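Have a look at the structure below, then the notes.
Throughout, read-outs are computed from the coordinates displayed, never taken from laboratory work. Note that the structure is a prediction, hence the values are computed from the model and not measured. Glycine gets a Cβ as well: all are built from the backbone with ideal geometry, and neighbour counts include every protein chain shown.
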Amino acid sequence: MNHEEFNININGMAHVILTVSQFDVARDFYCKLLPYFGMKLIHNGPDFCYHVGARTAIGIRKCDQEFDGERFQQYRVGLHHLCLRSRTREDVDKTARLITKLGAKIIRGPEQREWAPGYYYVLFEDPDGIRIEVNHIPGAGLLKEGESFGFEEDYIRVEGEDFIRRN
């Protein structure tokens with residue numbers, strides 16, 4: 001296949017739609033959170049709400065009735081987590097303070113990791129347990145010539161558990 005023939009210029013991610021089992025609780029959470037991320041509520045219906053801004057959009061969709069009460073499982077087929085990029089480390093810290101005020105559960109951070117040079121992030125859960133990350137990577141990050149992607153052991157699971165590096 002000719003690479004040049006199919007060279008497509010993607011310009012970011014247009015939107016992500018998250019299906020939730022606790023729609024009213026999730027809508028309330030996202031309607032409080034997303035305006036702080038520079039997103040505006042565009043649609044607020046009985047089964048779907050949609051925020052646009054910050055060069056993307058996030059929609060919250062009510063699940064079918066048969067899935068009511070289910071919670072997000074990070075290692076099932078589908079979404080692992082959603083990550084939004086911030087412009088500064090301070091924005092990551094502000095996110096951690098905001099989500100604490102909103103009552104969200106912080107999984108990790110804010111902290112720095114070696115996944116990319118200067119990788120700084122906070123990882124938290126929405127009311128259905130969907131994991132959301134806000135990170136900051138200074139400069140070109142992994143696109144800088146000669147940079148590498150973290151540690152291989154960070155992405156290994158053994159018998160349903162994350163592999164823990166033994167130093």
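Over the range 38-96, what is the relative contact order in percent, taking alpha-carbon pairs closer than 8 angstrom and at least six residues apart?
Taking the mean separation of contacting Cα pairs over the length of the range 38-96, I get 17 percent.
List, in order, the whole-Hz ³J(HN,Hα) value for each residue of the range 89-104 obtained from phi through the Karplus relation with A = 6.51, B = -1.76, C = 1.60 and θ = phi - 60°; use x for Gly and Pro.
4, 4, 5, 5, 4, 4, 4, 4, 5, 5, 5, 5, 5, 7, x, 6
Roughly how many nanometres apart are two label points built 7 Å out from the Cα toward the Cβ at Glu114 and Tyr36?
Between Glu114 and Tyr36, the simple spin-label model gives 3.2 nm.
Which parts of the range 62-87 would a label at His43 reach, counting a residue when its backbone N lies under 15 Å from a point 7 Å out along Cα-to-Cβ?
62-63
Kindly put Cys83, Cys63, Cys49 in sequence by how many other C-beta atoms sit within 10 Å of each C-beta, fewest to most.
In order of increasing Cβ crowding within 10 Å: Cys83, Cys63, Cys49.
Give the lysines whose C-alpha is closer than 18 Å to that of Lys40, dropping any in the same chain fewer than 8 places away, or say none.
Of all the lysines, those that pass the test against Lys40 - Cα under 18 Å, at least 8 places apart if same chain - are Lys32.
Cβ neighbours within 10 Å, averaged per peptide: list 111-119, 54-62, 128-136 in order, most packed at the top.
Top to bottom by mean Cβ count within 10 Å: 128-136, 54-62, 111-119.
Using only the Cα atoms of the range 1-69, build the gyration tensor, take square roots of its eigenvalues as a ≥ b ≥ c, and label the shape rounded, prolate or oblate: rounded if a/c is under 1.5, else prolate if a/b is larger than b/c, else oblate.
oblate
How far apart, in nm, are two points set 7 Å out from the Cα along the Cα-to-Cβ line at Glu145 and at Ile8?
The modelled label-to-label distance comes out at 3.0 nm.
Spelling out what I want: for every residue of the range 72-78, take phi, set θ = phi - 60°, compute 6.51 cos²θ - 1.76 cosθ + 1.60 (Karplus), and round to whole Hz; glycine and proline get x.
Going residue by residue, I get 4, 10, 4, 9, 7, 4, x Hz, with x marking Gly and Pro.
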